[in-house]
Amino acid sequence: MKNTSKSIVDEVSTATAIINYLMNTCMPYLCVLGILMYTNAFEMWVSYLILPFMYFSTRYSFRCGVAHVLAEATEDTEGKLFISAEIKEKDQ
């Protein structure tokens, strides 16, 4: 007897996507800020560099990721960008 009722969900709801985005962008900053407040580290000058360096590293890594994807993308027959899911092996 075949199981005809599949409960696999391929689509993510809008609310889940918004929560995931907010948790991935804001939560690391809130955690570091909480640790800095808990340890009372705002008295040291180094702690004022942590959050700006975190901001720079997240923005830079996102831009590098976008640049890498665009560099690897090729145009298909209709002129749209095509990103292959296969990993290219380099000859050694």
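The values are calculated or read from the model by the stated rules, or taken from the named source; none is laboratory data. The shown structure was predicted, so the numbers you read here are calculated from the model rather than taken from an experiment. No Cβ is skipped: glycine too gets one built from the backbone with ideal geometry, and neighbour counts run over all protein chains shown.
Scanning the stretch 26-77 for residues that are in contact with a strand residue (DSSP E or B) (Cβ under 6 Å, 6 or more places away or on another chain) and not small (Gly, Ala, Ser) returns THR74, ASP76. Selection within the stretch 61-84: residues that are of a type in the set (D, E, K, R) and at pLDDT below 80. The member of this set that is surrounded by the fewest Cβ atoms within 10 Å (Cβ to Cβ) is GLU78.
Scan the stretch 26-43 for residues that are exposed (fewer than 12 other Cβ atoms within 10 Å of the Cβ) and either hydrophobic (A, V, I, L, M, F, W, C) or touching a residue at least 24 places away in the same chain (Cβ under 8 Å) (or both) and jot them down. Matches in the stretch 26-43: CYS26, MET27, LEU30, CYS31, MET37, PHE42.
Among the residues examined, THR58 does not qualify as surrounded by 10 or more Cβ atoms within 10 Å (Cβ to Cβ), among the polar types (S, T, N, Q), part of a helix (DSSP H, G or I) and modelled with pLDDT of 85 or more.
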